[in-house]
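Have a look at the structure below, then the notes.
The values are calculated or read from the model by the stated rules, or taken from the named source; none is laboratory data. Note that the structure is a prediction, hence the values are computed from the model and not measured. For neighbour counting, all protein chains shown are included, and Cβ atoms are generated from backbone atoms with ideal geometry for every residue, glycine included.
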Amino acid sequence: MDFTLLAFLAFAVVTVVAAGAVISVRSPVHAALCLALTFFTVACTWILADAEFLGIALVVVYVGAVMVLFMFVVMMLDIDEVKMHEGYVRYLPVGLLVAVVMLVEILMLIGIKARATPFGVDVAAAAGVPNIEWLAGSLFTGYLLPFEVAALILTVAVIAAVTLTLRKREGTKHQVPSAQSRVKAADRFRMVRMDATRPAPEAPQSPPAGEASGEGG
């Protein structure tokens, strides 16, 4: 076996172990870290298969952005781990059965597609250019219109999500950027000069009359 096959097998083992740890560890923070390791190892597998763009995009988008957001959300939420793991053992056989059925279906689909449509020659290698260069050339020439339409749809979706989230509700506070930019230091901060004074010593308290007469008797 050559070094490429050994590296692929090592990446595959780490990916499977990390993916299993995502759903088996008890701490949500540890699960998020294992998910980041899964994404990173899959990215290494893509790079090993000469798909550099997919590997870099997986690291930058998912590991560098999405997983960081997940980590902040998980660490800020007060999650009851005991209640979250209730019934885990009871539903484990059903989950394993569903996972095995899905794995068999995926393997059957891959086998059928591999027999029906054999893999052709790598277009980027045939053209003698790197994978990323060929992908960029195809994306911004032959598929420019679908790319622009997808970008427009995503922009509209982002604007719609922000609009729905920032709708005015009773009892909520909103920021006003124009008012914040016009504020001055004198409106928020005031210097007060106060002379330092030493507090007077407290006078000793005399005992009540009843206690004093009782001690005398």
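Restricted to the range 27-59, and to residues there that are not acidic (Asp, Glu) and not in a helix (DSSP H, G or I), the residue that is nearest to Thr4 (Cα to Cα) is Ala49. The residues in the range 1-26 that are exposed (fewer than 12 other Cβ atoms within 10 Å of the Cβ) and assigned to a helix (DSSP H, G or I) can be counted, and the count is 6.
The selection criterion, being within 30 Å of the chain's Cα centre (by Cα), surrounded by 12 or more Cβ atoms within 10 Å (Cβ to Cβ) and modelled with pLDDT of 80 or more, holds for Glu133. The set of residues in the range 93-130 that are part of a helix (DSSP H, G or I), modelled with pLDDT under 75 and more than 22 Å from Leu48 (Cβ to Cβ) comprises Ile112, Arg115, Ala116. In the range 18-60, the residue that is modelled with the highest pLDDT out of those that are more than 16 Å from the chain's Cα centre (by Cα), closer than 30 Å to Tyr91 by Cα and among the hydroxyl-bearing types (Ser, Thr, Tyr) is Thr41. I'm trying to understand the selection: among the residues of the range 50-77, which are free of Cβ contacts under 8 Å to residues at least 12 places away in the same chain and closer than 25 Å to Gly128 by Cβ? Within the range 50-77, Leu54, Ala57 qualify.
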